[in-house]
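What follows draws every value from the coordinates through simple rules; no lab data is involved. All figures in this text were calculated on a predicted structure; none of them were measured in a lab. Cβ coordinates were reconstructed from backbone atoms using ideal geometry, including for glycine residues, and neighbour counts include every protein chain displayed.
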Amino acid sequence: MSLTKVDAFDASKYWQLSDMVSLRDEEFGALAYHHVNRRLVFLKSRELVDVVRRLGDFESADDAITALVAPDQHDRYVAALATLEKSALISGR
């Protein structure tokens with residue numbers, strides 16, 4: 001039997017908006033377009049857009065979330081960033 005290791009998003013690490021991604025502000029939040037894989041993702045809140053744009057200003061995703069989001073929303077934003085990482089919209093060092 002073979003076990004496969006699943007990489008989990010590590011919010012304690014540095015993350016930033018990928019250089020290959022453009023954000024376009026919209027009423028609902030923003031559209032994120034990845035210029036290489038051509039993926040289009042809807043960021044459905046202005047708060048999430050702010051976190052994504054400012055991720056690189058902080059030492060870790062946890063630090064960004066703590067500074068920019070209400071404490072009771074922390075886990076929700078970690079989950080959102082994990083999804084964005086899987087889509088290659090954010091990248092680590």
Glu59 to Asp25: FRET efficiency via 1/(1 + (r/R0)^6), r the Cβ-Cβ distance, R0 22 Å, to the nearest 0.05?
0.25
Given charges of +1 on the Cβ of Lys and Arg and -1 on the Cβ of Asp and Glu, with all other atoms neutral, how large is the dipole of the chain about its Cα centre, in debye to the nearest 20?
420
One quarter of the convex hull surface, Cα atoms only: what value does that give for the chain in nm²?
7.1
Just grab the label-to-label distance for Ser12 and Asp75, each label 7 Å out from Cα along the Cβ direction, in nm (one decimal).
1.9
Mind ranking 57-65, 40-48 by how tightly packed they are, going by the mean number of other C-beta atoms within 10 angstrom, highest first?
57-65, 40-48
